[in-house]
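Participant: Below is a structure I'd like to ask you about.
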Amino acid sequence: PQRIHLADYRPPSHLVEDVHLTFQLDPKATRVTSRIRFKPNPDSEETGFRLHGEGLTLISAKIDGTRVDPEMVEDGLVVAAPNDAFTWEAVVEINPEDNKALEGLYLSNGMYCTQCEAQGFRRITYYPDRPDVMAPFTVRIESDLPVLLSNGNLKERGEGFTEWHDPWPKPAYLFALVAGELVDVHDTFITKSGREVQLAVWVRKGDEHKCGWALNSLKKSMKWDEDIYGREYDLDIFNIVAVDDFNMGAMENKGLNIFNASAVLCSPETSTDADFERIEAIVAHEYFHNWTGNRITCRDWFQLCLKEGLTVFRDQQFTADMRSAPVKRIEDAILLRARQFREDAGPLAHPVRPESFVEINNFYTVTVYEKGAELIGMLKRIVGDETYYKALDLYFERHDGDAATIEDWIKVFEDAADRDLSQFMLWYSQAGTPKITVTETFEEGTHTLVLEQSVPDTPGQADKKPMHIPLLFALFDPDTGQQFGEDVLLELTEPRIEIRTRGHDRKPVVSLNRDFSAPVIIDDTSRTDDRLFLLANETDSFNRWEAARSLTRDALTALATGGLGPGEEYLDALNGLLVDDSLDPAYRALILRQPSEEEIAQAIFDYGRHPEPLSVNRAADTLRARMAAHFEPDLPRLFRGMQVHGAYSPEAADAGRRAFANGLLTLLSRLDGGTAARAQFDQADNMTNRLAALGSLLQIDEGAEALARFESDWKHDRLVMNKWYAIQISLAPPEAAVGTARALTEREDFDWTNPNRFRAVMGGLVSNPAGFHDATGAGYEFLADWLIRLDEKNPQTAARTSTAFETWKRYDPKRQDLIKAQLDRILGTEGLSRDLTEMMTRIRG
Ligand code: HT7
Ligand code: ZN
């Protein structure tokens, strides 16, 4: 397959002035008629006229009214065209019912919907399907279905048709169409300049009661973007649609966002606090794209982080404002380290702005999204808040209506801050997580801190240059526990720096990378007592949590490799935090939450050993038991004290109490054999407490009855049943995990073409590392079988799921051989998609 390079970018040969599309919907034979006004692009040297197209049946084509006979090529067609402006007209036929790839136009449970990012529009009609070709669209939909939606404002509705006009020039990837028997829950929003916008969430009948939260989240997002970024919405309508079969979370199509049902529908009975928070964030994310993505889009797909990194950063800010900023920062760091650091350390490592790809769908990654967001956070810290917003105003002013690049983005910061940021640009081009080695010396009252940075080699990239790293730093007085002076923002630009301070009686305690100011690995050689000191005295809530986290990680790695368990002093210190009522319960929940088995496996590997997944699993279990025993005198009282009374509210305060209480419940269950968990399971009026109780019971192997009850209560609800599928696999005893997963795939309701259901099983298994890495290789074989099967229908989701294999080099030679055999088997499959072929080839290395 063809590899595409950033360096080969050329402007499009033609620009589009406007687009008219007519859809005659039919499950098996939808007709799409296009009338598109093209003009030669003065900035292009290209002469020929090509259009993208994939899987289309061309019925007829005309240029300026005269029939033409295009030549079909691999990714579309070529045809001779006039040298000046002309009108292209085509009729094509497509088959939505057959489309299980969920790209282009497809049917999901009787409802038509589209997914065009990144290159799905070419499956709908012939078009220059690239983001730097932008045009206003007029769309007519003909069908007997009651609800027919597209982008922009509704122009006309008549018997069996609607007509839509989107005046904002947009790339084809933002096109959308929805048609079905839908009902809406609606509201209005008055923008800051006084315009009224009609808001609606469209769902299948029966789901109306699950729309309120998303609708409210949308209104909060609209207001927040006006208040914080000065960005106002720009159409009369904003529609959100819930779809059952969807490859990702949601899609920001102009004025018509399409959502995975799991990312929009929620109610207290069916959804957890985490679901509520996630839905609020995704609704905000897609809404924020209206400015960062739609009004200003990407010149080409290599610039994906331009819209995604920035929009993730904006949704993180939003969540921090709606909820708790310290808690959000920690949650983001946990995710980044668990997923992005892992990606950056393995065979799939790539720069935030990749330089080449085979299949762009494989680059919607945690590196582009989450690391991309961290880069924005670093820029903000480097230039300061005021300059950051000045730079953003400049960005919107200078680039509204553009398809922009990362160079354009950095330039607004250089201009607003009057600084040279060329070294910062390396963050976009160099892959790998920078590592900072810390050495301290203390002599005659002088403390010297030496920081040395290095960036590891990654596939295709070696000998990297030093980066521009903003590190927030403070020193503490070991006697008083007080911080010396203010925080300092160190800007590392050289491979090595020394920071010397004088006049200390005793060695001060260093706190580095406060607030997780840079996405780097601090080679943490600090002594246990320094970390215990920070646990007690640190005023930066991130680094206080970090102290606890690193002590817990050390305790777990020690336990998993035959060493001693957690010390009394550490358990006492932790207990002190748990009972400290001045601390936010959500924060205490995070202190209590153990690092994942994945994270421990990586830590063991970083120490130069192959992790044994079963030992890691047992270590986690042992630590829970030790904690339960140690905290026993306080546990029941703490647990009772954290109960939330009154009607369920998904807001942060109550959610934080439930998170903490449910963390405590896991420990309590070790002491009472599950009595409290069973009671909670029986009495809970919300999914958060019910599912947590079920989890606690499963962890002590007492979950069978509750699982059966859960199933009989919820078998009618697909989304809830996905939770039921996943939890019993992820919390199964390791030796039973593959068997449980397999048995579930044999159920009648295991509709594996539904990505949510597929992910519930495969994701459930992968999040049970001791089960997935079963020494027989059964887990690997099971996953490989399903990847091969799904790939035939839905390459995008198959390729995404295959990242489960990316850590294979961490494991012992025997497991490596077993995994390699599966990678080779997948690669040897006839007709394997471009998506999965690229992933397997890269993972195999
Ligand atoms: N911009 C979207 C990314 C996307 C996507 C979404 C749904 C299905 C397939 C997709 N391919 C790419 C989602 C976002 O980041 O907001
Ligand atoms: Zn996005």
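Participant: Any idea which residue in region 274-293 is farthest from ligand 2 (Cβ to nearest atom), counting only those that are part of a loop (DSSP other than H, G, I, E, B) and not hydrophobic (A, V, I, L, M, F, W, C)?
Facilitator: Only one residue fits best here, namely Asn290.
Participant: Suppose we filter region 145-172 for residues that are touching a Pro at 6+ places or on another chain (Cβ under 9 Å) and of a type in the set (Phe, Trp, Tyr); how many remain?
Facilitator: Qualifying residue count for the region: 1.
Participant: A further question on this structure: Residue by residue through region 321-354, note down the ones that are more than 13 Å from the chain's Cα centre (by Cα), in a helix (DSSP H, G or I) and among the β-branched types (Val, Ile, Thr).
Facilitator: Selection gives Val327, Ile330.
Participant: Give the residue, chosen from Asp554, Asp529, Asp572, Asp581, that is outside any helix (DSSP H, G or I), charged (D, E, K, R) and on the phi < 0 side of the Ramachandran plot.
Facilitator: Every option except Asp581 fails the conditions.
Participant: Find all pairs meeting these conditions: Cβ atoms under 7 angstrom apart; at least six residues apart or on different chains; first residue within region 694-719 and within 21 Å of Asn756 (Cβ to Cβ); second residue in a loop (DSSP other than H, G, I, E, B) and of a type in the set (Asp, Glu).
Facilitator: From residues that are within 21 Å of Asn756 (Cβ to Cβ), the pairs are Arg718/Asp244.
Participant: Sticking with this one: Can you tell me how many residues within region 156-206 are without any contact (Cβ under 8 Å) to a residue 12 or more places away in the chain and of a type in the set (Gly, Ala, Ser)?
Facilitator: The qualifying residues number 3.
Participant: Just one of Asp817, Asp774 is within 27 Å of Glu597 (Cα to Cα) and in contact (Cβ under 8 Å) with a residue 40 or more places away in the chain; which is it?
Facilitator: Unique residue meeting the criteria: Asp774.
Participant: A further question on this structure: Can you find, within region 530-589, the residue that is nearest to Pro519 (Cα to Cα) among those that are more than 26 Å from the chain's Cα centre (by Cα) and among the aromatic types (Phe, Trp, Tyr)?
Facilitator: Across region 530-589, the extreme among qualifying residues is Phe533.
Participant: Just the residues that are within 21 Å of Gly180 (Cβ to Cβ) and more than 30 Å from the chain's Cα centre (by Cα), please, taken from region 83-125.
Facilitator: Those that are within 21 Å of Gly180 (Cβ to Cβ) and more than 30 Å from the chain's Cα centre (by Cα): Glu93, Ile94, Asn95.
Participant: Further question: Do we have Glu232 as surrounded by fewer than 24 Cβ atoms within 10 Å (Cβ to Cβ), more than 10 Å from ligand 1 (Cβ to nearest atom) and outside any loop (DSSP other than H, G, I, E, B) here?
Facilitator: For Glu232, the condition - surrounded by fewer than 24 Cβ atoms within 10 Å (Cβ to Cβ), more than 10 Å from ligand 1 (Cβ to nearest atom) and outside any loop (DSSP other than H, G, I, E, B) - is not met.
Participant: Would you please list the contacts, defined by Cβ atoms under 6 Å and residues six or more apart or on different chains, that run from a residue in region 302-321 that is acidic (Asp, Glu) to a residue that is more than 9 Å from ligand 2 (Cβ to nearest atom) and at pLDDT 95 or above?
Facilitator: Glu308/Val368; Glu308/Gly372; Asp315/Ala281; Asp315/Ala284
Participant: Hey, any hits in region 294-302 for a residue that's modelled with pLDDT of 95 or more, away from ligand 2 (no atom under 15 Å from the Cβ), closer than 30 Å to Pro459 by Cα and touching a strand residue (DSSP E or B) at 6+ places or on another chain (Cβ under 6 Å)?
Facilitator: yes
Participant: Let me ask something else about it. Select from region 232-273 the residues that are away from ligand 2 (no atom under 16 Å from the Cβ) and aromatic (Phe, Trp, Tyr) and list them in ascending order.
Facilitator: Result: Tyr233, Phe238.
Participant: For Glu498, are the conditions met, namely being loosely packed, with under 14 Cβ neighbours inside 10 Å and without any contact (Cβ under 8 Å) to a residue 40 or more places away in the chain?
Facilitator: Answer is no for this residue.
Participant: Looking at region 793-814, is at least one residue over 26 Å from Ile604 (Cα atoms), in the same structural domain as Met762 (by TED's automatic domain parsing) and part of a loop (DSSP other than H, G, I, E, B)?
Facilitator: yes
Participant: Restricting the first residue to region 3-27 and requiring it to be free of Cβ contacts under 8 Å to residues at least 24 places away in the same chain, which pairs with a second residue that is of a type in the set (A, V, I, L, M) meet a Cβ separation below 6 Å and a spacing of at least six or different chains?
Facilitator: none
Participant: Hand me the list of strands (runs of 3 or more DSSP E) wholly inside region 47-114 holding 2 or more residues that are in the same structural domain as Asp244 (by TED's automatic domain parsing) and out of contact with any strand residue (DSSP E or B) (no Cβ under 6 Å at 6 or more places or on another chain).
Facilitator: 71-73, 104-108
Participant: Next question. For residues that are within 11 Å of ligand 1 (Cβ to nearest atom) and among the hydrophobic types (A, V, I, L, M, F, W, C), scanning just region 284-294, find the one that is surrounded by the most Cβ atoms within 10 Å (Cβ to Cβ).
Facilitator: Phe288
Participant: Looking only at residues in region 295-327 that are under 30 Å from Met687 (Cα atoms) and of a type in the set (Asp, Glu), which one is farthest from ligand 1 (Cβ to nearest atom)?
Facilitator: Asp321
Participant: Which number in (1) under 30 Å from Phe341 (Cα atoms); (2) touching an Asp or Glu at 6+ places or on another chain (Cβ under 7 Å); (3) among the β-branched types (Val, Ile, Thr) marks the one condition that Thr622 misses?
Facilitator: (2)
Participant: I'm checking my understanding of the structure. Among residues of region 84-133 that are on the phi > 0 side of the Ramachandran plot and surrounded by fewer than 23 Cβ atoms within 10 Å (Cβ to Cβ), which one is farthest from ligand 2 (Cβ to nearest atom)?
Facilitator: Gly110
Participant: Find the residue count for region 592-630, including only residues that are farther than 24 Å from Asp812 by Cα and polar (S, T, N, Q).
Facilitator: Of the residues in region 592-630, 1 are farther than 24 Å from Asp812 by Cα and polar (S, T, N, Q).
Participant: (1) buried (at least 20 other Cβ atoms within 10 Å of the Cβ); (2) under 31 Å from the mean Cα position of the chain (by Cα): which one isn't true of Asp515, the others all being true?
Facilitator: (1)
Participant: Moving on to the next point. Out of Lys192, Lys220, Lys205, which single residue is basic (Lys, Arg) and surrounded by 16 or more Cβ atoms within 10 Å (Cβ to Cβ)?
Facilitator: Answer to the selection: Lys220.
Participant: What are the pairs, 6+ residues apart or on separate chains, where a residue within region 226-253 that is within 26 Å of Thr365 (Cβ to Cβ) has its Cβ under 8 Å from a residue that is within 13 Å of ligand 1 (Cβ to nearest atom) and of a type in the set (Lys, Arg)?
Facilitator: Short answer, once both residue conditions are applied: Tyr229/Arg314; Asn247/Arg800.
Participant: Tell me whether region 637-644 contains one or more residues that are in a loop (DSSP other than H, G, I, E, B), surrounded by fewer than 19 Cβ atoms within 10 Å (Cβ to Cβ) and not β-branched (Val, Ile, Thr).
Facilitator: Yes, region 637-644 contains at least one residue that is in a loop (DSSP other than H, G, I, E, B), surrounded by fewer than 19 Cβ atoms within 10 Å (Cβ to Cβ) and not β-branched (Val, Ile, Thr).
Participant: I would also like to ask the following. With the requirement that a residue be touching a residue at least 60 places away in the same chain (Cβ under 8 Å), assigned to a loop (DSSP other than H, G, I, E, B) and surrounded by fewer than 16 Cβ atoms within 10 Å (Cβ to Cβ), what does region 436-483 give you?
Facilitator: If the condition is that a residue be touching a residue at least 60 places away in the same chain (Cβ under 8 Å), assigned to a loop (DSSP other than H, G, I, E, B) and surrounded by fewer than 16 Cβ atoms within 10 Å (Cβ to Cβ), then Gly445, Pro459 are the ones that fit.
Participant: Name the helices (runs of 4 or more DSSP H) wholly inside region 355-435 in which the number of residues that are over 25 Å from Ala250 (Cα atoms) and touching a strand residue (DSSP E or B) at 6+ places or on another chain (Cβ under 6 Å) is 3 or more.
Facilitator: 372-383
The values are calculated or read from the model by the stated rules, or taken from the named source; none is laboratory data. Small disclaimer: the values here were computed from a predicted structure and weren't measured. Positions of Cβ are backbone-derived with ideal geometry, glycine not excepted, and every protein chain shown enters the neighbour counts.
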